[in-house]
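Here, each number is a calculation from the coordinates, and none is a lab measurement. Fair warning: this is a prediction, and the values are worked out from it, not measured in the lab. Methodologically, a virtual Cβ is constructed for each residue, glycine included, from the backbone with ideal geometry; neighbour enumeration extends over all protein chains shown.
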Number of protein chains: 2
Amino acid sequence: MVRQFDRELADLKMNLLRMAEAAEQAGQHSIASVLNRNSELAKEVIIGDLAINDMELEIDEQCLKLLALRQPLAKDLRFITAAMRINADLERIGDQAVNIAERALELNQRPPLKLPIDLKKMADIALEMVCTSIEAFVHQDPQLAVQACQRDVEVDTLDDEYINKLLNFMLKDTPAVGRALHYIIIIRNIERIADLATNVAEDIVFFVEGKVIKHRYKDGMLSTQSV
Amino acid sequence: MVRQFDRELADLKMNLLRMAEAAEQAGQHSIASVLNRNSELAKEVIIGDLAINDMELEIDEQCLKLLALRQPLAKDLRFITAAMRINADLERIGDQAVNIAERALELNQRPPLKLPIDLKKMADIALEMVCTSIEAFVHQDPQLAVQACQRDVEVDTLDDEYINKLLNFMLKDTPAVGRALHYIIIIRNIERIADLATNVAEDIVFFVEGKVIKHRYKDGMLSTQSV
């Protein structure tokens, strides 16, 4: 009986990993569709989101069944409830990728802009946060999860910096205002991906350690040591 | 034993209602702080968010305790898992209110702008969606919840319309670009509040009827009749 439950938990973990990979890949492809002006790739991200939505519903059902039939306790209970939340956040990362891909479709129809920002740098950090969170989940490593959370500050700093730079750019080059605004929205979407990765990482710390770090590690209130 | 559990569920419901009211009020005040150029009110929203964060953690703990100690089934299980999700979304509505209040603090230091948009109209719909969702929760009324979801289209339409109008405004009045961009970010925050209200409403339908409508009612795929 116990071994059957362990198999079911392992199966849930596998599905959540597949979901995480799909969401992270959607993020990567959406950014590539902007940087390489690849509208085909953007369309793939948009269509591919339907599969991510289906995965979300499937994982949710799996979690509810486990809660109802197995009535888990302690760490198993925390794992399943964390899985439900991580699942929802991964789906929202997929939605952000769709938003970025939609902006790519608009931008790719118009002449390229030479902008004073490094979109790849910002996206790389946000998507690395997603990867680190997933790794923390696989290895049940709360230190790694806290590391992911802490990188959110870097993304927030770039968010402010790039939006200011784009503002100045818009003031100088008014015909480019429309296109620059698409980039501002993309930057906000990347910032949201970093926020969602932070949520995922917080849920991993909670699942592994039973400690809530949400709302508590910001402004240096929590160091990796204190977890 | 059963009556004690019922009391605990009623207590959870009361806490969730208090949380919903706090989040909705934060939204109202944040918009008022922009429209009435009231920086004191904006500061209240920002400080008040700490209490909303605390409420989130408290409700979460309450849900986990109920899952562990009561091992609920069927509708009770759906209620508690929906409560966990609704709780997280209400907290994020509070975060959006903070974002709007922060923009108000910036905008209120600079001369007012006469903009070609009706921010109040858009915010009213989004915050009405939050209220309708809460009402649907109190009365366990899935039809009301679906009504809330369906208003999301109106907010999305205004989002597109207002961003285009602000773009044109920026092209004509370049010294106002910085301030107009604050308004664009506020519009995106309002749109997020409507999205989060939609998530809450979806979870209410799931809790009451056991039906998943997420990803399924858009583009006219689901009418109020079919729920």
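Values computed for the structure shown
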{"item": "Set of aspartates and glutamates near residue A:43 by C-alpha distance (under 14 Å), chain-local residues within fewer than 8 positions excluded", "result": "A:95, A:102, A:106"}
{"item": "Cα convex hull of chain B - mean projected area over all directions, nm²", "result": "12.7 nm²"}
{"item": "Helix axis angle, B:74-107 relative to chain B longest principal axis, alpha carbon, degrees", "result": "20 degrees"}
{"item": "Net dipole in debye of region B:2-220 [+1 Lys, Arg Cβ; -1 Asp, Glu Cβ; about Cα centre; nearest 20]", "result": "260 debye"}
{"item": "Listed residues A:60, A:11, A:76, most fluctuating in chain A (Gaussian network, C-alpha, under 10 Å)", "result": "A:11"}
{"item": "Shape call, region B:87-149: gyration tensor on alpha carbons, a/c limit 1.5", "result": "oblate"}
{"item": "Taking chain A and dividing mean pair separation by its residue count, relative contact order in percent (alpha carbons under 8 Å, at least six apart)", "result": "25 percent"}
{"item": "Lys/Arg +1, Asp/Glu -1 at C-beta; region A:1-107 dipole; positive extreme among A:68, A:105, A:41", "result": "A:68"}
{"item": "Neighbour-limited loop hits for trypsin sites (Lys or Arg not before Pro), region B:28-121 (at most 13 other Cβ within 10 Å; DSSP other than H, G, I, E, B)", "result": "B:114"}
{"item": "Student exercise, the protein assembly as shown dipole from Lys, Arg, Asp, Glu Cβ charges, in Debye to nearest 20", "result": "420 debye"}
{"item": "Degrees separating the helix B:152-172 axis from the principal Cα axis of chain B, which is the longest one", "result": "20 degrees"}
{"item": "Nearest-first distances (nm) between copies at residue A:168, label 7 Å from Cα via Cβ", "result": "3.1"}
{"item": "Inter-part distance where region A:1-75 and region B:69-124 are each reduced to a Cα centre, Å", "result": "26 Å"}
{"item": "Where rotation carries B onto A, the chain B residue whose Cβ is nearest that axis, in whole Å", "result": "B:71, 2"}
{"item": "Lysine pairs within region A:87-227, Cα separation less than 29 Å, 8 or more sequence positions apart or different chains", "result": "11"}
{"item": "0 to 90° range, to nearest 10: angle between helix A:119-138 axis and chain A longest Cα axis", "result": "0 degrees"}
